[in-house]
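Below: one structure, written as structure tokens.
The values are calculated or read from the model by the stated rules, or taken from the named source; none is laboratory data. Predicted model only: the values in this text are computed from it and were never measured. Positions of Cβ are backbone-derived with ideal geometry, glycine not excepted, and every protein chain shown enters the neighbour counts. For the accessible areas, the whole protein counts, side chains as well, though only heavy atoms, and no ligand, DNA or RNA atoms are used. Shrake-Rupley method; radii C 1.70, N 1.55, O 1.52, S 1.80 Å.
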Amino acid sequence: ESVMAQLGGIIARLRTVDALVGSEERYRRLLDSATDYVVSVVVTQGQPVKSYHGERCITVTGYSPEDFNRDPYLWFNMVHHDDQYKVSDLVRRVLSEESVTPLEHRIYHKDGSVRWIRHTVVRRYNPHGELTGYDALISDITQRKEAEILLIEQEEYYRAIFEGAQIGI
């Protein structure tokens, strides 16, 4: 093989490496700007046994990954009491391999405020097709939910005025 052909091959590989590094940097910047985070759950013999919360969990929940490591029940305990049955049912459906869709529910932030999150689950399997875990993208949707609630309240208010009017408008 000629020196020029070898040089061309080296240049092509360097360009590929450069493109990959650029893609990784863009991906890292995208993740750094997001308020979402990922929870990874390990499943053994059909039961969740360990979870790992991404660094961005503090942005959404107020708690650090270390807080979640110290208290394995912290995640469930921070779910709003009225929504715990929804989260339990989601986990049951994930483990029984039933169909799942993203779940919107409330959590108690470390500061005591109530936050709305969207919980999107993707299962992981080993080469034998056995469920080994799942990842959940946790998105803070508080602003969107608050806007939806305000819109509903305003609609109900104006509907009551319209329906209560003695004369036609």
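Side notes on the structure shown:
- Cα-based Rg of segment 29-137 normalised by 2.2 N^0.38 Å, two decimals: 1.06
- Residue of GLY112, GLY54, GLY129 that the Gaussian network model of the chain assigns the largest fluctuation, springs spanning Cα pairs under 10 Å: GLY129
- Mean separation of Cα contacts under 8 Å, 6 or more apart, over the residue count of the chain: relative contact order %: 19 percent
- Available extension along the chain between GLU55 and GLN143 is 29.5 nm, counting 0.36 nm per residue and deducting the alpha carbon span.
- Cα convex hull of segment 99-160 - mean projected area over all directions, nm²: 6.4 nm²
- In a DSSP loop and with at most 14 other Cβ atoms within 10 Å, the GluC sites (Glu not before Pro) in segment 56-114 are GLU97, GLU98.
- For HIS80, residues with placed amide H under 5 Å, excluding near neighbours: ARG106, ILE107, TYR108
- Of all lysines in the structure, those lying under 19 Å Cα to Cα from LYS145, and not within fewer than 8 positions of it along the same chain, are LYS86.
- Per residue value of the accessible surface for the chain (all protein chains in place, 1.4 Å probe), Å²: 69 Å²
- Membrane-span-like helices of the chain, defined as complete DSSP H segments with a Cα extent of 18 Å or more along the helix axis and a mean Kyte hydropathy of at least 0.0, are identified as 3-33.
- Using a Förster distance of 30 Å, the FRET efficiency for ASN126-SER99 (Cβ separation, nearest 0.05): 0.90
- Debye log10 I(q)/I(0) at q = 0.13, 0.22, 0.33 Å⁻¹ for segment 89-135, Cα point scatterers: -0.40, -0.80, -1.18
- A crude spin-label estimate for the pair ASP67 and GLU156, with each label 7 Å from Cα along the Cβ direction, gives 3.1 nm.
- Counting only protein heavy atoms and a probe of 1.4 Å, the accessible surface of segment 81-169 is 55% carbon and sulfur.
- Helix-only [θ]222 nm of the chain, DSSP H runs n ≥ 4, -39500 (n - 2.57) each, per residue, nearest 500: -15500 deg cm²/dmol
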